[in-house]
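Engineer: Quick one: the structure is below, questions incoming.
Coordinate-derived values only; no laboratory data. What you see is a predicted model; the values in this text were computed from it and never measured. Counting neighbours? That spans all protein chains shown, and the Cβs are built from the backbone with ideal geometry, glycine included.
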Amino acid sequence: MIPRDLLVVSMALLTWGIGEGMFIYFQPIYLQQWGADPLAIGAILGGVGVAMTVVHAPAGYITDRVGSRPVMWASWVIGVVAVIIMAAAGSLPVFVGGMLLYALTSFVMAPMSTYLASVRGSWSVERALSIPSALYNSGMVIGPILGGLIAEKSGIRMIYVDSMIFVSISTIIVFFARRPPVDSHHEATQARPNLLHNPRFLGLTALIGLTTFALYLPQPLTPNFLQNQGGLSLKTIGQLGAMGSLGNALLVFGLGHLRAPVGFVLGQALVGVFALLMWQGNSTPWYAVAYFFVGGFRLMRMMALAYARYYIRSVETGLAFGLIETMNGVAVILAPLLAGSLYTANPRLMYMVSLGLIAALVLSNLVIRHILSRKDPAQAVEIR
C-alpha cells in the first residue's frame, strides 16, 4: 500500500497537473499572440530557465537545514500567485513576469524529492519518485484537453483563469502532508561529506545537465511548429499535449521500477524516438505517436535524481538534488536559445540536431556508466 504522506503529495500533484496542463503547452503560442517572434520566444523561455536555475541550489541547501516540508509548501503558494498574475496580465511584460515567478516554483524539485524519499517507508527511491510523477502526468493528460477546449471557445487567457481553481485545490491538499520522519539512512554519526569532493556525483551531475539540454532542445517551440508548419488547431495541439502527458504517466509508471542507471539511458532513447518522428512526420497521427515518447524526458529526470542517491549520503540529499536541478536549469536556459535560432533557419532542424546529440549522449552514458560502476552502486555510500 502506498504510504500515507506519499499519497497526499501524489494527489496534490495530480490536481496541480490538471491546472498546469491547461496552460503549459499553450504558452509559446500565447507569447506569439502577444507579438513575440521565435527568437523572442526562445529568449523568454531562456529567461524562464534562468529563473529556474538560480533557485535550486539555495532551495536544496535550505531544505537540508529547515526541513523539506516548509520549502515544498512555499513553492505551492508561490505557484498560485504566479497563475493569478498570468491570468490577470494585460500586457506582455506582466505576463512574462508571471511566467518568471511560476518558473521560480521549480525549486520544489529538491525539497519535494527529498520529502518523498524520506516518507517512502519500505519503498525504493525509484518507486517513491515514480508514483507521484505518474499521477502528476495523469493530471497533465486531462489539463491540455480542457485547455484546448477552453482556448478554442474563449481564448487562451481563460485557460489561466480556470487553472486557478485546480492549483488552489492542489495547494489545500498538500498542506495535509505531515512532518517527515528522521531518515532511517541518515548517517548521523559520520562527518558530513563535501559534494565538491565527490567525483562520481560531480561527473554524474555534468552528464545529467548535458542530457537535459539535448532532450529539451526540440520541446519549447514544438507547439509553434505544430501550429505554423503542421497547420493544427489549438484544440488538436491540446490533445497532442495530453498524449504527451499520457506517455509521461504510462512510461514513468511502467518503467519506474527499473534501476536508475537503466531508466536514465532508456529515457534518452525514448525522447530520441520523439525527435525522429517529429522530424519525419507530416500528419497528426505521426505527431501523436511522437508526443507519447516525449514522456522519456520525465522518466530521465526522475531517474537522474534516483541515480544520484547512489553516490551521496542522505544528510546531503537536498543540496545534491538542488545542484542537479541547477545544472538542469542551465540546460533549460541554453536549449531554447539554440532552438529559436534553429527554428528560424529551418523548423525541422531542431529535431535533427537533438537526435544527433541524443545518439552521442546515449553512447557517452554507457561509457561513463561503466566508469561510475567500477564500484557497484549497491555498495555505494547511499544504500536504498
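Engineer: Determine, for 251, 100, 355, the number of other Cβ atoms within 10 Å of each Cβ, and report the residues in order from fewest to most. Write out the running numbers ahead of the final one.
Structural biologist: Details: 251 26, 100 17, 355 21.
The most exposed by this proxy come first: 100, 355, 251.
Engineer: Let me know the volume per residue of the alpha-carbon convex hull for the stretch 69-126, in Å³.
Structural biologist: Values: hull volume 4.2 nm³, N = 58.
Cα-based convex hull of the stretch 69-126, divided per residue, equals 72 Å³.
Engineer: With θ taken as phi - 60° and the coefficients 6.51, -1.76 and 1.60, list the Karplus ³J(HN,Hα) couplings across the stretch 282-291 in order, rounded to whole Hz; mark glycine and proline as x.
Structural biologist: Along the stretch 282-291, the couplings run 8, 8, 4, x, 4, 5, 5, 5, 4, 5 Hz.
Engineer: Suppose each label sits 7 Å from its Cα in the direction of the beta carbon; what would the residue 4-residue 61 distance come out to in nanometres?
Structural biologist: 3.5 nm
Engineer: Which of 350, 52 comes first, and how do the rest follow, when ranked by fewest Cβ neighbours within 10 Å?
Structural biologist: Result, fewest neighbours first: 52, 350.
Engineer: Considering all projection directions equally, how large on average is the shadow of the alpha-carbon convex hull of the stretch 92-215, in square nanometres?
Structural biologist: On the way: hull surface 45.4 nm².
The orientation-averaged projected area of the Cα hull of the stretch 92-215 comes to 11.3 nm².
Engineer: Length gain on complete extension for the stretch residue 92 to residue 284, per 0.36 nm per residue less the alpha carbon to alpha carbon distance? Show your work: numbers first, answer last.
Structural biologist: Details: separation 192, 0.36 × 192 = 69.12 nm, distance 3.06 nm.
Gain on stretching residue 92 to residue 284: 66.1 nm.
Engineer: Which of 201, 47, 214 sits closest to the plus end of the dipole of the chain, meaning its Cα is farthest towards the positive end, when Lys and Arg get +1 and Asp and Glu get -1 on the C-beta?
Structural biologist: Positive-most Cα among the choices belongs to 201.
Engineer: Also: Taking 0.36 nm per intervening residue step and subtracting the Cα-Cα distance, what contour gain separates residue 364 from residue 349 on full extension? Walk me through the numbers before you get to the answer.
Structural biologist: Values: separation 15, 0.36 × 15 = 5.40 nm, distance 2.27 nm.
Computed gain between residue 364 and residue 349 is 3.1 nm.
Engineer: Also: When Cα extents along the principal axes in Å is calculated directly from the model, which label among (1) 69, 44, 36; (2) 98, 51, 46; (3) 60, 44, 36 fits?
Structural biologist: Computed from the coordinates, Cα extents along the principal axes in Å corresponds to (3).
Engineer: Per residue of the stretch 231-238, what does 6.51 cos²θ - 1.76 cosθ + 1.60 with θ = phi - 60° give for ³J(HN,Hα)? Whole Hz please, x for Gly and Pro, Karplus curve as stated.
Structural biologist: Rounded to whole hertz, the list is x, 8, 7, 4, 4, 5, 4, x.
Engineer: In what sequence do 162, 64 fall when counting other Cβ within 10 Å, fewest first?
Structural biologist: Numbers: 162 16, 64 23.
Placing the least packed residue first, the sequence is 162, 64.
Engineer: Another question about this same structure. Say R0 is 41 Å: what FRET efficiency, to the nearest 0.05, do residue 197 and residue 39 get from their beta-carbon distance? Mind showing how you got there, number by number?
Structural biologist: Working: r = 41 Å, r/R0 = 1.01.
It comes to 0.50.
Engineer: Mind pulling the angle between the C-alpha long axis of helix 157-174 and the longest principal axis of the chain? Nearest 10 degrees, somewhere in 0 to 90.
Structural biologist: 20 degrees
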